[in-house]
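This report refers to the structure that appears directly beneath it.
The values are calculated or read from the model by the stated rules, or taken from the named source; none is laboratory data. Bear in mind that the values here come from a model prediction, so they are computed numbers and not experimental data. Methodologically, a virtual Cβ is constructed for each residue, glycine included, from the backbone with ideal geometry; neighbour enumeration extends over all protein chains shown.
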Amino acid sequence: MDRVLVTGGAGFIGSHLCARLVTEGHMVYCWDNMETGSESNLAAIMSSPRFELVRHDIITPRDLAVDRIYNLACPASPVHYQRDPIHTIMTSTVGVMNMLELAERYGATLLQASTSEIYGDPKVHPQKEDYWGHVNPIGPRACYDESKRLAETLLVAHERQRGTNVRIARIFNTYGPHMSADDGRVVSNFIVNALRGDDITINGDGSQTRSFCYVSDMVDGLVRLMHSNLRGPVNLGNQVETSIMELAERINALAGGRSALVHRPMPIDDPYRRNPDITLARQRLGWEPRVSLDEGLRATLKYFRSMMGT
Ligand code: UDP
């Protein structure tokens, strides 16, 4: 049994990770400032003696003897991370330093949730880990993208200078139950609109693509990476590329087809294509996504139906 800290554990991916680790028999400590996380995501494990939730913001140092740290603390959707850009930057810089110091103190392994956003609006497809990216340092996404880039730099520097054990997961678009209905993400927005019979709003002409990974696949990738000896960054995501228009049509059809598909202007710096090269994860972690988009969307629709009482 390991003592595992999951920061951001009340959030979308974090809550699934906490549940898996508790089920595997580990002692799980969840630190979350509850800015975007919620206790309802943790309902299944809240009463377990192997689970502890503390309301804590990683910007402030805090001590805990642990074996492993998954640092998932950071608002991840544009509407959330742009609400308080300075706090977003502090989370992935000062907060990450605090986690590195904790990992060093106890000889723990720190897995940092990095992001496909570090590639910005990529000029190379699919994106491999050795691509340096194409990021606007002063655009509306910069508070997230640039601080997540610096987080990777901090981890690598700590590893080189002090021998700290680090892992870096570059997480691509992920979806599933526990996404919040108001985070503005495309999957949750489209599902909520489709279930209400409201218009589904497509930014631009809908030809831009994303590659959507179901949350159980993502959690499996994170756990495998934590237990591997892989040091450098690793892409985790689904390789099946779907246009936003196609996603809207599929969700609308699965929900009963009551919504109209309407268009609105494309937001600034919205990447046109995003698609991971996951060769490294396949070869070194024996990992690849297993859940198809239809299967995952059905499970996600079921979750939102129960949340919305529809
Ligand atoms: N998008 C959209 N309608 C929405 C929400 C998002 O057309 O209601 C588009 C958005 O402009 C982007 C894509 O869907 O091109 C994915 O957006 P999301 O915010 O989910 O993820 P990210 O841009 O961070 O990959």
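Checked against the criterion of being in contact with a strand residue (DSSP E or B) (Cβ under 6 Å, 6 or more places away or on another chain) and either over 30 Å from Met308 (Cβ atoms) or among the basic types (Lys, Arg) (or both), the candidates Leu150, Leu72, Leu110 yield just one match: Leu110.
Of all the listed residues (Ala151, Ala157, Ala169), the sole one being more than 15 Å from the ligand (Cβ to nearest atom), part of a strand (DSSP E or B) and either hydroxyl-bearing (Ser, Thr, Tyr) or at pLDDT 95 or above (or both) is Ala169.
Evaluation of Gly184 against the conditions (1) of a type in the set (Gly, Ala, Ser); (2) closer than 28 Å to Ser259 by Cβ; (3) touching a helix residue (DSSP H, G or I) at 6+ places or on another chain (Cβ under 7 Å); (4) at pLDDT 95 or above shows that the sole unmet condition is (4). Condition test on Arg224, is it free of Cβ contacts under 8 Å to residues at least 12 places away in the same chain and not in a strand (DSSP E or B)? No; evaluated as a whole, the condition is false for this residue. Exactly one residue out of Gly232, Gly197, Gly221, Gly204 is surrounded by fewer than 18 Cβ atoms within 10 Å (Cβ to Cβ), closer than 16 Å to Ala113 by Cα and among the small types (Gly, Ala, Ser), and it is Gly232. For the range 64-81, which residues satisfy the criterion of being under 16 Å from the mean Cα position of the chain (by Cα) and at negative phi? Across the range 64-81, the qualifying residues are Ile69, Tyr70, Asn71, Leu72, Ala73, Pro75, Ala76, Ser77, Pro78, Val79, His80, Tyr81.
The combined condition, being more than 10 Å from the ligand (Cβ to nearest atom), under 25 Å from the mean Cα position of the chain (by Cα), modelled with pLDDT of 95 or more and assigned to a strand (DSSP E or B), is fulfilled by Asn235. Screening Lys123 with (1) closer than 22 Å to Asp269 by Cβ; (2) modelled with pLDDT of 95 or more; (3) assigned to a loop (DSSP other than H, G, I, E, B) gives one miss only, at (2).
Residues in the range 196-212 that are near the ligand (Cβ under 7 Å from one of its atoms) and not in a loop (DSSP other than H, G, I, E, B) were compared, and the one that is nearest to Glu241 (Cα to Cα) is Arg210.
Tallying residues that are farther than 17 Å from Ala194 by Cα and outside any loop (DSSP other than H, G, I, E, B) within the range 265-294 yields 8. Only residues that are within 19 Å of the chain's Cα centre (by Cα), over 20 Å from Trp132 (Cβ atoms) and part of a helix (DSSP H, G or I) were counted across the range 97-117, and they come to 1.
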